[in-house]
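J.: Below is the structure I would like to discuss, written out as structure tokens.
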Amino acid sequence: MTESVRSDARRNREKLLEVATAAFAAADGRPVSLESIARDAGVGIGTLYRHFPSRDVLVEAVYRSELAEVAAAAGQLLSRHPAKAALRRWMDRYASFVAAKRGMAESFRAMIESGAIEGSQIRASIVGVVEMLLKAGVDDGSLRSDVQADDVVSSLIGIFLASGSPEQTGRLLDLLVDGIASR
């Protein structure tokens with residue numbers, strides 16, 4: 001009985017994270033009610049609060065889960081594509097991640113201010129992913145060896161902040177990859 005309760009609880013938590021991730025992504029900056037997340041996940045609000053005692057805890061869990069998926073995507077892409085193509089595809093995945101976080105912006109700011117999430121750790125995680133992708137590109141000759149991962153991450157942030165549409169983001173990401181490609 002205990003095992004089925006644990007597996008039910010695990011499934012409920014995973015479903016809540018899945019629904020919350022989709023709800024925050026679709027919200028486009030509008031508030032998302034925890035009641036609607038619980039309802040869409042097929043659980044009661046009490047179940048949501050057992051797993052995530054506050055909105056901030058839920059937002060943090062969604063953020064950490066998504067960030068881990070973004071990081072893991074780099075290795076998966078490298079196993080299926082040449083390094084330059086993997087980097088460009090990963091940039092699209094990262095752009096989607098950043099866009100989805102707009103619906104969580106207010107809670108995210110509060111978490112950074114409270115210290116629940118540290119901006120430098122987030123950046124270090126993304127820089128590490130980009131370093132891995134760049135190294136693979138240097139090793140296969142498709143990417144320049146003089147490019148710093150931190151510069152690429154800064155460029156990505158600038159693109160995401162300045163871009164007016166997903167189409168423009170794609171064009172700017174293409175320019176960035178062209179700029180770091182081997183000659």
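J.: For a quick check of your reading: which helices (runs of 4 or more DSSP H) sit entirely within segment 1-86 and have at least 1 residues that are closer than 27 Å to residue 121 by Cβ and polar (S, T, N, Q)? Spell out the reasoning first.
T.: Working: elements: 2-27, 34-41, 45-51, 55-80.
Ranges flagged: 2-27, 55-80.
J.: While we're on this one: Of everything in segment 136-165, what is among the polar types (S, T, N, Q) and more than 22 Å from residue 79 (Cα to Cα)? Give them in sequence order.
T.: Hits for segment 136-165 are 148, 154, 155, 163, 165.
J.: Name the single residue, out of those in segment 160-183 being in contact (Cβ under 8 Å) with a residue 40 or more places away in the chain and hydrophobic (A, V, I, L, M, F, W, C), that is surrounded by the fewest Cβ atoms within 10 Å (Cβ to Cβ).
T.: Looking at the filtered set, the residue picked out is 181.
J.: Taking only pairs six or more apart or across chains, which ones have beta-carbon atoms under 8 Å, a first residue in segment 35-52 that is in the same structural domain as residue 21 (by TED's automatic domain parsing), and a second residue that is acidic (Asp, Glu)?
T.: 41/18; 45/35
J.: Right, another one. Would you call residue 98 among the β-branched types (Val, Ile, Thr), under 21 Å from residue 176 (Cβ atoms) and modelled with pLDDT under 85?
T.: Answer is yes for this residue.
J.: Suppose the filter is at pLDDT 85 or above and in the same structural domain as residue 142 (by TED's automatic domain parsing); does residue 69 pass it?
T.: yes
J.: All but one of (1) touching a helix residue (DSSP H, G or I) at 6+ places or on another chain (Cβ under 6 Å); (2) closer than 24 Å to residue 117 by Cα; (3) assigned by TED's automatic domain parsing to the domain that holds residue 172; (4) not hydroxyl-bearing (Ser, Thr, Tyr) hold for residue 25, so report the exception by its number.
T.: Single failed check for residue 25: (3).
The values are calculated or read from the model by the stated rules, or taken from the named source; none is laboratory data. Model, not experiment: these values are computed from the prediction. Every residue, glycine as well, gets a Cβ built from its backbone with ideal geometry; the counts of neighbours run over all protein chains shown.
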